[in-house]
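This report concerns only the one structure given below.
The values are calculated or read from the model by the stated rules, or taken from the named source; none is laboratory data. Since we're looking at a predicted model, the values are computed, not measured. Cβ: placed from backbone, ideal geometry, glycine included. Neighbour counts: every protein chain shown.
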Amino acid sequence: MAKITYIEHNGTEHVVEVASGLTVMEGARDNNIPGIEADCGGACACSTCHVYVHPDWVAKIPGKDDMEEDMLDFAFQPDPARSRLTCQIKVSDDMDGLVVHMPEKQI
């Protein structure tokens with residue numbers, strides 16, 4: 001399990017425990033976190049689970065693959081250094097304390 005903090009664009013924080021092996025997107029979906037729509041259900045076929053990873057965590061989580069990089073081109077105001085699709089971040093115990101910020105909107 002890892003405690004993950006999801007921060008809405010308006011600053012509202014949601015701290016939830018997410019089981020190892022799930023994705024950050026599944027953690028948001030299973031805990032009714034607003035701001036992560038996940039229209040494709042986690043298939044990396046949209047960008048509606050886009051977040052900005054807190055700078056302290058960028059280097060601590062596995063990197064993006066080419067498919068995720070391509071899909072981030074469709075995200076709202078992507079940040080080359082911090083933007084990630086939560087469906088592509090698999091949770092591990094090492095991610096305890098992860099913080100992600102939601103964009104103003106998902107497109």
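Among the listed residues Pro34, Pro55, identify the single one that is under 20 Å from Gln106 (Cβ atoms), in a loop (DSSP other than H, G, I, E, B) and within 14 Å of the chain's Cα centre (by Cα).
Result: Pro34 is the single residue among Pro34, Pro55 that is under 20 Å from Gln106 (Cβ atoms), in a loop (DSSP other than H, G, I, E, B) and within 14 Å of the chain's Cα centre (by Cα).
Check the range 58-71 and report whether any residue there is touching a strand residue (DSSP E or B) at 6+ places or on another chain (Cβ under 7 Å), more than 15 Å from Val99 (Cβ to Cβ) and of a type in the set (Asp, Glu). Checked the range 58-71: at least one residue is touching a strand residue (DSSP E or B) at 6+ places or on another chain (Cβ under 7 Å), more than 15 Å from Val99 (Cβ to Cβ) and of a type in the set (Asp, Glu). Of all residues assigned to the range 88-98, none qualifies as being surrounded by 15 or more Cβ atoms within 10 Å (Cβ to Cβ) and of a type in the set (Asp, Glu).
Matching residues to (1) of a type in the set (Asp, Glu); (2) exposed (fewer than 12 other Cβ atoms within 10 Å of the Cβ); (3) closer than 17 Å to Met102 by Cβ; (4) touching a residue at least 60 places away in the same chain (Cβ under 8 Å):
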residue: Arg29; (1), (2), (3), (4): no, no, yes, no
residue: Cys44; (1), (2), (3), (4): no, no, no, no
residue: Ala75; (1), (2), (3), (4): no, no, yes, no
residue: Asp79; (1), (2), (3), (4): yes, no, yes, no
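Condition test on Ser83, is it among the hydroxyl-bearing types (Ser, Thr, Tyr), more than 16 Å from His101 (Cα to Cα) and at pLDDT 95 or above? Considered against the rule, which asks whether it is among the hydroxyl-bearing types (Ser, Thr, Tyr), more than 16 Å from His101 (Cα to Cα) and at pLDDT 95 or above, Ser83 comes out as no. Within the range 37-50, the residues that satisfy the criterion of being in contact with a Phe, Trp or Tyr (Cβ under 8 Å, 6 or more places away or on another chain) and either outside any strand (DSSP E or B) or of a type in the set (Val, Ile, Thr) (or both) are Cys46, Ser47. Among all positions in the range 1-16, there is no residue which is crowded, with 21+ Cβ neighbours inside 10 Å and touching a Lys or Arg at 6+ places or on another chain (Cβ under 9 Å). Sort out which residues of the range 58-74 are acidic (Asp, Glu) and in a helix (DSSP H, G or I), and write them in order of number. The answer is Asp66, Glu68, Glu69, Asp70.
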